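Comments concern the structure below.
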Amino acid sequence: MIDPITHTMQSGVEEGVFPGGVLFIRFHGEAVYHRAVGRTAHAHVAEPVTIETLYDLASLTKPLATTTAVLHLIQDGKIRLADAIEQYFPELENTAIGSVTVAHLLHHSSGLPGWRPLYEEISEREKQSPGFFGSARARQFALEAIGSEPLVHHIGDKSLYSDLGFILLGLLIERVAGLSLASFCRERVYEPLGIQDLMFCPNMKESIPGNHSHYSIASTEKDPWRGRVLIGEVHDENAYALGGVAGHAGLFGTAGAVMSMVDVWLDAYFGKSTALMPELARRFVTSDGHQPESSWGLGWDTPSAPSSSGRYLSAQAFGHLGFTGTSIWVDPKVELEVVLLTNRVNPTRLNAKIQQFRPLLHDTVYRTFVEGDG
């Protein structure tokens, strides 16, 4: 008899929620489920997904790369949460965004709008000046464009989920560290932890660590803008225009690698991590309560009603979603960690069935392992 979790995952494939996916669950520190279903694309010729398949993690980049990098820079004494960003970007002095702090950006309370099509202007400039696309000049353009944005609410008044805020955080990390976000994360975060399978730009062979000769990479969308099915290049257009490395998107990884980073955060929550300062980590994953309508901590979300985490996770839970069909949910109260990687945007982002699937899956996981009904 098939177990209820595998049944739910296979139903996701059969009902067209996604062509394939990997689910990794840890409970009380033990791996209790790690399986793959389906194929890497909806095409019948696509290869089967394995637990080693790389997925475009989309906005999981925010907690797993950018937020973690910011915490390391704080621990290194390079930045502080209360620092105004104009301290690091003199070109933003006397702008509306200049007095926004690092904490505001992490909390999505900077007042910045959620999104702007920066890639359109970058593409136009590429036509006029070949080589602009993905260059340092493109990143400077993004900085100045975000800096010129009128704020949609007063700084700190409320939370509005903003890719622009995290693009800015990625640029801040690069300026402070003197390295690309990809290099800083690899050298300061992932390699010291022995994590190989988190990376930016996996379609570029030189970016692949270790001695892997081949990666199975799940396809994302048949992108009308780029005119091709995307495999190993970031789905997010703004991240792509910035060279595939950005603070809001661009990270790829396996479920095992994602879980390795999640373990580090949970260990820090319990005071057991040597990589992250526990007091800081707990602050990052906890909603501060200053804005009753906001579920955001610092770079991490917490459950709200209704939540993709389902009905059962506690108020201590934290997580994040990725547009491509990825998610992380962690409940320290019951020591439950759930990593779901899918490519629900294949062949089109218009497929929104994942919105109903996620809470159903997390409810099934909770009932199976926490309540012991499975």
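The values are calculated or read from the model by the stated rules, or taken from the named source; none is laboratory data. Predicted model only: the values in this text are computed from it and were never measured. Counting neighbours? That spans all protein chains shown, and the Cβs are built from the backbone with ideal geometry, glycine included.
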Counting only residues that are within 20 Å of Arg344 (Cα to Cα) and among the small types (Gly, Ala, Ser), which one in the range 54-86 is surrounded by the fewest Cβ atoms within 10 Å (Cβ to Cβ)? Ser59
Would you mind stating whether Gly299 is on the phi > 0 side of the Ramachandran plot and not acidic (Asp, Glu)? yes
Residue pairs meeting the criteria (Cβ under 7 Å; at least 6 apart or on separate chains; first in a loop (DSSP other than H, G, I, E, B), in the range 191-216; second at pLDDT below 95 and hydroxyl-bearing (Ser, Thr, Tyr)): Cys201/Ser207; Pro202/Tyr215; Ile208/Tyr215
Taking the range 1-52 as the region of interest, how many residues are outside any strand (DSSP E or B) and of a type in the set (Gly, Ala, Ser)? 7
Any residue at all in the range 32-48 that is free of Cβ contacts under 8 Å to residues at least 24 places away in the same chain, of a type in the set (Gly, Ala, Ser) and over 19 Å from Asn351 (Cα atoms)? yes
Which one of these is crowded, with 24+ Cβ neighbours inside 10 Å, touching a residue at least 60 places away in the same chain (Cβ under 8 Å) and touching a Ser or Thr at 6+ places or on another chain (Cβ under 7 Å): Leu341, Leu321, Leu336? Leu341
Please indicate, with yes or no, whether at least one residue in the range 28-50 is touching a Leu at 6+ places or on another chain (Cβ under 9 Å), of a type in the set (S, T, N, Q) and crowded, with 21+ Cβ neighbours inside 10 Å. no
Suppose the filter is outside any strand (DSSP E or B), without any contact (Cβ under 8 Å) to a residue 24 or more places away in the chain and among the charged types (D, E, K, R); does Asp263 pass it? no
Name the residue, out of Gly232, Gly244, that is under 30 Å from Ala136 (Cα atoms), modelled with pLDDT under 95, touching a strand residue (DSSP E or B) at 6+ places or on another chain (Cβ under 7 Å) and not aromatic (Phe, Trp, Tyr). Gly232
Only one of (1) charged (D, E, K, R); (2) under 19 Å from the mean Cα position of the chain (by Cα); (3) surrounded by 17 or more Cβ atoms within 10 Å (Cβ to Cβ) is not met by Asp267, so which one is it? (2)
